[in-house]
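The values are calculated or read from the model by the stated rules, or taken from the named source; none is laboratory data. In this text the structure is predicted, and so the values were computed from the model without any measurement. Here the Cβ positions follow ideal geometry from the backbone for every residue, glycine too, while neighbour counts run over all protein chains shown. Surface accessibility is based on the protein's heavy atoms, side chains included, excluding ligands, DNA and RNA. Shrake-Rupley method; radii C 1.70, N 1.55, O 1.52, S 1.80 Å.
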Amino acid sequence: NRIDSYAPILRSLGASELMATCTGLELTGGPVPVNHQNAFPLRWSPRHQDGGAPTPDIDPVTQIRRLSMWDNSSDKLMQMNHPNLMQVLGDRDHDGQADEGFRKMLDYVDVVEVNPLNEIFRQETTLPEPDTRGNVIFNWLQLLNQGYRIPGVVNTDAHHNFHGSGWLRNFVKSSTDDPSHIDVAEMVKNSRRGRIVMSNGPFMTVEASGTNNGSRVTAGVGELAALTSGEVTLHVRIQSPNWLDINRVQVFVNGRPQQSMNFTRRANGQMFGSETVKFDQNIQLNLQTDAHIIVAACGEGLELGRVMGPAAGQLMPAVVSNPIFIDCDQQAGFTPNKDALGAPITLSNN
């Protein structure tokens, strides 16, 4: 609950040109796990209480609104940390009955933390247990289908110096890969637009292409392609360092894993590589209605390894893209399909 900065430390190390940084904050109130938010950039005020940070609140809506309006309502990225999304959406008191929840929080949220990534491969049939996060990434897929276009992110939530940071990464689209030229405002904008691939090791790029009245149209992660045909070519390229591997690539359409687009090293060995590039393929889709497309890859039965430390090193390698939205029904804009993915969803009409 304090604003701080790495900038003085980087200057003392002579490393300011090697790492881009900005001031930020995690603000934690109650109840948990709903009432945690990250925000950046914020104005740092050394020698002031909590570095000039806002105070937490017992009401999540009040707290996130206060943070959003901090620094005279300055432009900042607002992140909801590892929430019980069904409680936020519409079950404030955990009784399994839809109510107003803390839904007004979503008016201030730019991105939501959805870790752990590997749980995207698990189908849920029940609501999260009270005072737990549940399967956040699955609930995120449900929200996307309801029309909440809130990008996903992952964070280490590091509380330890020993292997605390680094085993989870958000790859954010940037106009430069030179740290000394990275623009914080661009990072905020591209994060807000969902130009993010979430990973604990592998690096992935995804691009969708099709036609609009005969012209070629392409869209990357977080973007929308308006097409006059449902014929879509999905280009997926995955790389990894030599201490981990991926052996499965799965395409999700509107949150549902497509059986015909589940590629494994065992069944589709010719599609996978053994060097740095593990997968580099074009995948054909034929969409009948508007759809969002997410690609996930993992190393089933494998571990991240000792490089990531004794705890995270035991986890399965995984990488998940944010959605690419395809508007192919020639109507006005993208239309979510409202599919709850076969699981309950706490959403009232109020």
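Here is how the numbers come out for the structure above:
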item: Pairs with Cβ under 8 Å, 6+ apart, first in segment 207-235 and free of Cβ contacts under 8 Å to residues at least 24 places away in the same chain, second among the hydroxyl-bearing types (Ser, Thr, Tyr) and open to solvent by 40 Å² or more (accessible area, probe 1.4 Å); result: Thr211/Thr228; Asn212/Thr228; Asn213/Thr228; Val217/Thr211
item: The listed residue being farther than 21 Å from Leu168 by Cβ, among the polar types (S, T, N, Q) and open to solvent by 40 Å² or more (accessible area, probe 1.4 Å), out of Asn72, Asn145; result: Asn72
item: In segment 247-280, the residues that are touching a strand residue (DSSP E or B) at 6+ places or on another chain (Cβ under 7 Å), within 28 Å of Asn145 (Cβ to Cβ) and either in contact (Cβ under 8 Å) with a residue 60 or more places away in the chain or open to solvent by less than 50 Å² (accessible area, probe 1.4 Å) (or both); result: Arg248, Val249, Gln250, Val251, Phe252, Val253, Asn254, Pro257, Met261, Phe263, Thr264, Phe279
item: Cross-chain or 6+ apart pairs with Cβ under 7 Å, segment 95-120 first and β-branched (Val, Ile, Thr), then at pLDDT 95 or above and assigned to a loop (DSSP other than H, G, I, E, B); result: Val109/Ile150; Val111/Ile150; Val111/Pro151; Val112/Ile150; Val114/Val154
item: Residue among Ala343, Ala297 that is farther than 19 Å from Val232 by Cα, assigned to a loop (DSSP other than H, G, I, E, B) and of a type in the set (Gly, Ala, Ser); result: Ala343
item: Where a residue in segment 327-344 is over 15 Å from His292 (Cα atoms) and its partner, wherever it lies, is among the charged types (D, E, K, R) and assigned to a loop (DSSP other than H, G, I, E, B), with Cβ under 7 Å and at least six apart; result: Ala343/Glu124
item: All positions within segment 168-196 that are touching a strand residue (DSSP E or B) at 6+ places or on another chain (Cβ under 6 Å), of a type in the set (A, V, I, L, M) and either without any contact (Cβ under 8 Å) to a residue 60 or more places away in the chain or over 21 Å from Phe325 (Cβ atoms) (or both); result: Val172, Met187
item: Cβ-Cβ under 6 Å pairs, at least 6 apart or on other chains, segment 15-39 side in contact (Cβ under 8 Å) with a residue 24 or more places away in the chain and of a type in the set (D, E, K, R), far side open to solvent by less than 50 Å² (accessible area, probe 1.4 Å) and in a strand (DSSP E or B); result: Glu26/Asn38
item: Count - residues of segment 176-185 that are under 20 Å from the mean Cα position of the chain (by Cα) and farther than 17 Å from Thr23 by Cα; result: 0
item: Complete set of residues in segment 203-246 that are open to solvent by 30 Å² or more (accessible area, probe 1.4 Å), under 24 Å from Phe121 (Cβ atoms) and not in a strand (DSSP E or B); result: Pro241, Trp243, Asp245
item: Selection status of Ser348, polar (S, T, N, Q), over 23 Å from the mean Cα position of the chain (by Cα) and open to solvent by less than 40 Å² (accessible area, probe 1.4 Å); result: yes
item: Test: residue in segment 129-142 that is on the phi > 0 side of the Ramachandran plot and open to solvent by 50 Å² or more (accessible area, probe 1.4 Å); result: yes
item: Residue within segment 25-41 that is assigned to a loop (DSSP other than H, G, I, E, B), touching a helix residue (DSSP H, G or I) at 6+ places or on another chain (Cβ under 6 Å) and surrounded by fewer than 18 Cβ atoms within 10 Å (Cβ to Cβ) present; result: no
item: Filter result for Ser165 (of a type in the set (Ser, Thr, Tyr) and without any contact (Cβ under 8 Å) to a residue 24 or more places away in the chain); result: yes
